[in-house]
Amino acid sequence: MAPYIAKQFVASSPAAEVLGVTLLSFTQNLLADDMRPLLQKHQLGNPVPDQWYSQQKALDLLAEIARTKLPHGYSENLVAIGMKAAENSAPSASPRPASPGDFLEGFPTVYSTRIRNTPPEEGYWPEKQSEGHYLVTNNTPFPNDSIYGFFWYFTKYFCPPDQMFVVRPLPLNPNKLLVLEIKWGRNPAALR
């Protein structure tokens, strides 16, 4: 059997579910007012943090956001959702990782606390390239713009205050999966 390769906006299974705390990012992000009519249409306007919801229903909403002309543009709205999802999750990271690398190393297990009934290959897969340099592959059905916002926020949150960082998308890999390059350090040259 071939390994699971995610397709954007398509749940891996009809049984796949997402925890409501993640869906709060739809209603609490900086641009939530842009999306309010779509949230109501998809009946996701009032998610309960500890309740499970259909992952496909959430993906249908994200797909409609990506197709709809919104005041701030679809990309900005999806990035805002990803950033808020990370912000809502950040306080639960205990003990607090000392660096983005410590966070990234432990992150594959975090995915399964927010999403269930999916193949084991579904998730975010970090690969350390060197100290302060990781590549993260997105093998989830969530849109790339949201994933960018998610990892940008977490990198900022866990980056020591005396260091700078960059999160940049690389060209899609052969499986058409997003790979993010994440770097941090004290020297701007390290971020190139």
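Taken together, the values in this text are just the output of simple stated rules run on the coordinates, not laboratory data. None of these values were measured; they are calculated from a predicted model. Cβ: placed from backbone, ideal geometry, glycine included. Neighbour counts: every protein chain shown.
Karplus-based coupling profile of segment 6-18, in residue order and whole Hz: 5, 10, 4, 6, 10, 4, 6, 7, x, 8, 4, 9, 10, with θ = phi - 60° in 6.51 cos²θ - 1.76 cosθ + 1.60 and x standing for Gly or Pro.
For the listed peptides 176-185, 28-37, a ranking on the average number of other beta carbons within 10 Å per residue, highest first, reads 176-185, 28-37. For a test of the definition: using alpha carbon positions, the gyration tensor, and the 1.5 limit on a/c, classify segment 99-192 as rounded, prolate or oblate. Verdict is prolate for segment 99-192.
What is segment 1-81 by shape, rounded, prolate or oblate, if you read a ≥ b ≥ c off the alpha carbon gyration tensor as root eigenvalues and call it rounded for a/c under 1.5, prolate for a/b larger than b/c, and oblate otherwise? Let's see the in-between values first.
Working: a/c = 2.17, a/b = 1.37, b/c = 1.58.
Oblate is the answer for segment 1-81, as a/c is 1.5 or above yet b/c matches or exceeds a/b.
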